[in-house]
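Visitor: I am attaching a structure below and will ask some questions about it afterwards.
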Amino acid sequence: MYEQLLTPQAVIDLDIVDRNISRMASLLKERGIQHRPHIKTTKSVRLALRQLEAGAAGITVAKLSEAEVFINAGITNILVASAVIGEANLQRYAKLHLLADLLTTVDSAAGAEGLARIGVKTGKPVRVLVEIDGGLHRGGRQPGADAAGFARSVHALPGLEVAGVMNYAGTIYRNSTAEGFIEAVKLESELLAETVEQIRQSGVPVEIVSSGSTPSALYSEYLQGVTEVRAGNYIFFDASGVAMGLAREEDCALRVIATVISVPLPGRATIDAGTKTLTSDKAHNRGGHGIVTGRPGIEISMLNEEHGFLTFDPAAESVAVGDRLEIIPNHSCVIPNLYDELPGVRQGQVAERIIIEARGCNY
């Protein structure tokens, strides 16, 4: 199992990546919805370009530093999906604004006024999406009258252009059945549609209705009125996606190779991968710290920084020092940020190195 690689080591199965990208692109094209994938999952120019080649309309970034990396690489249709707050960040945004076709979000008067100053100063209006709280209460205006009134006030500011609305319905991850996801997506659509109608009635045009996570993109036939989705995790999937029924093990493109370094007791073993490799994030709807592929009788029951603790029935599972295990992590989006580059593998062989250009771009 990739004997040439030192462990612990994450790898990206490019055959699976290609299938996942093609599948999502076909699904969204069939439903007439544009895709603006969130690249915080991969942080890789190579993989972002592959998504664009498959038909993505642009990309979504979490932070300005990610936008700086991707604009430098020639990708210029970018949504910065977080509020730009503070003079230093406004100055950074102003530089990028002149170089690219940027969108960003607003949900406060302070944020809108700062961006408006950029539009006035540069003579190029700053295009914004009014963020609507999707139920997670992480940010955004409240659906309905609150969002509509705020959109009207933003629309009146010189230097700004309201291009539409955006939400993130993160509560969808609490579901684990098709019926639950369908109801969540329908509710997501209904709340957006009602708010968009109120915004339009207030005299503010709405061109873009940006929503969707990987789960809602997979159920996008129920995303009525949405013009684009921002699915990101779908490119890799992970143990959470498997537990929620969104993916199978064979759909998970990011794996971590680890070595068994100790078997201190029957039914107990230790691997050389801990939180610094596998992430301490919990999975949705499952326990443990990842899936040991092909070995369902082995549980990764605990992690510390450098070690993973395995538990298993010694009468049913044989685990020996030196064994290599392949693990699907709980949350794949965390893993690339731990590496400068990752091996891209095809049919069990290392085929290329994937540079993680936006590693550490968390500011």
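Visitor: Answer with yes or no whether Glu317 is surrounded by 15 or more Cβ atoms within 10 Å (Cβ to Cβ), assigned to a loop (DSSP other than H, G, I, E, B) and of a type outside the set (A, V, I, L, M). Even if it seems obvious, please write down each step before you answer.
Guide: Numbers: surrounded by 15 or more Cβ atoms within 10 Å (Cβ to Cβ): yes; assigned to a loop (DSSP other than H, G, I, E, B): yes; of a type outside the set (A, V, I, L, M): yes.
So Glu317 fits the description; yes.
Visitor: Additional query: From Arg353, Arg295, Arg255, Arg286, grab the single residue that is at pLDDT below 95, open to solvent by 20 Å² or more (accessible area, probe 1.4 Å) and either not in a loop (DSSP other than H, G, I, E, B) or not aliphatic (A, V, I, L, M) (or both).
Guide: Details: Arg353 fails: at pLDDT below 95; Arg295 fails: at pLDDT below 95; Arg255 fails: at pLDDT below 95.
The match here is Arg286.
Visitor: Here is a list: Val209, Val196, Val185. Which entry is within 17 Å of Gly135 (Cα to Cα), surrounded by 14 or more Cβ atoms within 10 Å (Cβ to Cβ) and more than 22 Å from the chain's Cα centre (by Cα)?
Guide: The conditions single out Val196.
Conditions tested, residue by residue: (1) outside any helix (DSSP H, G or I); (2) modelled with pLDDT of 95 or more; (3) of a type in the set (D, E, K, R); (4) within 15 Å of the chain's Cα centre (by Cα).
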position: Glu3; (1), (2), (3), (4): yes, no, yes, no
position: Leu6; (1), (2), (3), (4): yes, yes, no, no
position: Val11; (1), (2), (3), (4): yes, yes, no, no
position: Ser22; (1), (2), (3), (4): no, yes, no, no
position: Ala25; (1), (2), (3), (4): no, yes, no, no
position: Leu28; (1), (2), (3), (4): no, yes, no, no
position: Leu49; (1), (2), (3), (4): no, yes, no, no
position: Leu52; (1), (2), (3), (4): no, yes, no, no
position: Thr60; (1), (2), (3), (4): yes, yes, no, yes
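Visitor: In the range 124-167, which residue that is polar (S, T, N, Q) and under 30 Å from Lys95 (Cβ atoms) is most open to solvent (accessible area, probe 1.4 Å)? Explain how you work it out, then say what you get.
Guide: Within the range 124-167, the first condition is being polar (S, T, N, Q), and the residues that meet it are 142, 153, 167.
Remaining after also requiring under 30 Å from Lys95 (Cβ atoms): 153, 167.
Values: Ser153: 61, Asn167: 8 Å².
Restricting to residues being polar (S, T, N, Q) and under 30 Å from Lys95 (Cβ atoms), the top hit is Ser153.
Visitor: Which is more than 21 Å from the chain's Cα centre (by Cα), under 30 Å from Arg286 (Cβ atoms) and either β-branched (Val, Ile, Thr) or modelled with pLDDT under 95 (or both), of Leu191, Leu136? First the steps, then the outcome.
Guide: Values: Leu136 fails: more than 21 Å from the chain's Cα centre (by Cα).
The conditions single out Leu191.
Visitor: Checking Val242 against (1) out of contact with any Cys (no Cβ under 8 Å at 6 or more places or on another chain); (2) open to solvent by 20 Å² or more (accessible area, probe 1.4 Å); (3) at pLDDT 95 or above, which test does it fail?
Guide: Here Val242 clears every test but (1).
Visitor: Tally time: how many residues in the range 260-279 are closer than 14 Å to Ser318 by Cα and either touching a Leu at 6+ places or on another chain (Cβ under 8 Å) or surrounded by 20 or more Cβ atoms within 10 Å (Cβ to Cβ) (or both)?
Guide: Counting residues in the range 260-279 that are closer than 14 Å to Ser318 by Cα and either touching a Leu at 6+ places or on another chain (Cβ under 8 Å) or surrounded by 20 or more Cβ atoms within 10 Å (Cβ to Cβ) (or both) gives 4.
The values are calculated or read from the model by the stated rules, or taken from the named source; none is laboratory data. The shown structure was predicted, so the numbers you read here are calculated from the model rather than taken from an experiment. Don't worry about glycine lacking a Cβ; one is built from the backbone with ideal geometry, like all the others, and counts go over all protein chains shown. The protein model used for the area step is the full one, side chains on, heavy atoms only, and it has no ligands, DNA or RNA in it. Shrake-Rupley method; radii C 1.70, N 1.55, O 1.52, S 1.80 Å.
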